[in-house]
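Below is one structure, written out as structure tokens, with a few remarks after it.
The values are calculated or read from the model by the stated rules, or taken from the named source; none is laboratory data. Every value quoted in this text rests on a predicted model; they were computed, and no experiment measured them. Don't worry about glycine lacking a Cβ; one is built from the backbone with ideal geometry, like all the others, and counts go over all protein chains shown.
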Amino acid sequence: MDGPIRRRFSAVPALLVALALGPLAACGSDPDPDQSGTSGTPGAATADPSGPDLPPEGVEVERVGSGPVGVGDVDGEAWSVLPQTASVRPGSGPEIEVGGTPLRLVATPAGTWVSDIARGRLVRIDPDSGRVDRRVRVPPAPGAEVAEPEGLAFDGRRVWVVDQAGDRVLPLDPRSGRLGTPVPVGDGPRLVSAGASGIWVGNFLAGSVSRVTDGRARTEVVDGCRSPQGLVGAGGLVWVACTREGRVVALDPQDLSVTSTVEGPVAADAVVAEGDRVHVVGQEGPTVHTIDTGTGEVLGELTLDRAPVTRENVDAAIVGDRLVVTHPEIQKIYRVPLALLSGG
């Protein structure tokens, strides 16, 4: 069997080549279509898929000069991560240069932390000055050539950092920037979420989910979901997007067994919770699928655009009364009033 770096991350050199050649270098066809939604650097779309009937009335659409990936709520503003320009954009304000290839961000009282996958580090933006005030290198896992920080989550005390090259998550003190003891998870982790039931990690290549509690992880293969990405705890369950399968599964948080399956979200990717609902964003469109966490019923679908399935990841976050969605390849940010989503 190949080692984890050879098997998975010829991707990082490709990212650097794409950045060096410019946006069009990343626009070719995916050599492995089964890897839809892999983490990386977005390319620019060559045509605008919008039509006269899309986006739906009430949805605000903003064009961004480079493809936005990560998005999060920072003091009531939607901050987005722009890998192509190595920057973070606070709301609609000027970009903050962070360097490298940033992908995700998470807000804490000590500042906003950003993952830099290409340089194997974390970057903190000071909340008062809006400038980078700390950079933290993530040491590679034993046997790994590099560290690749990807997904981030804040549990109120620590930031949890996914190292997808090292098949682990690491706790970070957001004030000191000190990294804690790594916790091994499954193969090819991507995204992480934090909630009352624990820290949850989607292991994309292993088709498994890990629950981290007390410095240890319980990892189980998810039946019918060989490509878990976005995930969130809501309604006493853990909701997991299965990108390749085009479905969402709900897991029992105790034994990680599948309690229900929702078919239909094409290239399901980002998942966010809102009370007794979860909003799942599929890459095609992008399209928002709203699910009742009590019944597992799909309350509605809202297609925002006509973009095809992206080679990269979309993202989503609730900011105020809107669901904010990014799509990197057509370089847009969508602000969707929650009232437009069924059950709102």
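General observations
- Unmet criterion (only one of (1) among the polar types (S, T, N, Q); (2) in a strand (DSSP E or B); (3) more than 18 Å from Gly207 (Cβ to Cβ)) for Thr259: (3)
- When the stretch 221-245 is filtered for residues that are buried (at least 18 other Cβ atoms within 10 Å of the Cβ) and more than 21 Å from Ala317 (Cβ to Cβ), the ones remaining, listed by number, are Val222, Cys225, Ser227, Arg244, Glu245.
- Residue within the stretch 101-108 that is outside any strand (DSSP E or B), out of contact with any Phe, Trp or Tyr (no Cβ under 6 Å at 6 or more places or on another chain) and either closer than 25 Å to Asp155 by Cβ or not β-branched (Val, Ile, Thr) (or both) present: no
- Among the residues of the stretch 130-178, those identified as of a type in the set (Val, Ile, Thr), within 24 Å of Asp75 (Cα to Cα) and either outside any strand (DSSP E or B) or under 18 Å from the mean Cα position of the chain (by Cα) (or both) are Val159, Val161, Val162.
- Residue in the stretch 283-301 that is crowded, with 18+ Cβ neighbours inside 10 Å, without any contact (Cβ under 8 Å) to a residue 60 or more places away in the chain and out of contact with any strand residue (DSSP E or B) (no Cβ under 6 Å at 6 or more places or on another chain) present: yes
- Taken over the stretch 327-344, the criterion of being part of a loop (DSSP other than H, G, I, E, B) and of a type in the set (Ser, Thr, Tyr) is satisfied by Ser342 alone.
- Scanning the stretch 317-326 turns up one or more residues that are of a type outside the set (A, V, I, L, M, F, W, C), part of a strand (DSSP E or B) and in contact with a strand residue (DSSP E or B) (Cβ under 9 Å, 6 or more places away or on another chain).
- Odd one out for Pro127, checked against (1) in contact (Cβ under 8 Å) with a residue 60 or more places away in the chain; (2) assigned to a loop (DSSP other than H, G, I, E, B): (1)
- Scanning the stretch 113-124 for residues that are in a loop (DSSP other than H, G, I, E, B) and touching a residue at least 24 places away in the same chain (Cβ under 8 Å) gives Ile117, Ala118, Gly120.
- Single residue of Val201, Val238, Val232 found to be β-branched (Val, Ile, Thr) and more than 14 Å from the chain's Cα centre (by Cα): Val238
- Among the candidates Ser66, Ser115, residue that is in contact with a Leu (Cβ under 7 Å, 6 or more places away or on another chain), hydroxyl-bearing (Ser, Thr, Tyr) and closer than 16 Å to Val325 by Cα: Ser66
- Residue within the stretch 229-244 that is out of contact with any Leu (no Cβ under 9 Å at 6 or more places or on another chain), among the aliphatic types (A, V, I, L, M) and assigned to a loop (DSSP other than H, G, I, E, B) present: no
- Annotation note: of Gly120, Gly99, the sole residue that is crowded, with 18+ Cβ neighbours inside 10 Å and at positive phi is Gly120.
- The stretch 63-80, residues that are modelled with pLDDT of 95 or more and within 20 Å of Asp305 (Cβ to Cβ): Pro68, Val69, Gly70, Val71, Ala78, Ser80
- Where Arg311 falls short, out of the listed (1) basic (Lys, Arg); (2) assigned to a strand (DSSP E or B); (3) surrounded by 22 or more Cβ atoms within 10 Å (Cβ to Cβ): (2)
- Within the stretch 184-210, residues that are in a strand (DSSP E or B) and modelled with pLDDT under 95 have Cβ atoms under 8 Å from residues that are β-branched (Val, Ile, Thr) and surrounded by fewer than 21 Cβ atoms within 10 Å (Cβ to Cβ) in these pairs: Gly198/Thr213, counting only partners at least 6 apart in sequence or on another chain.
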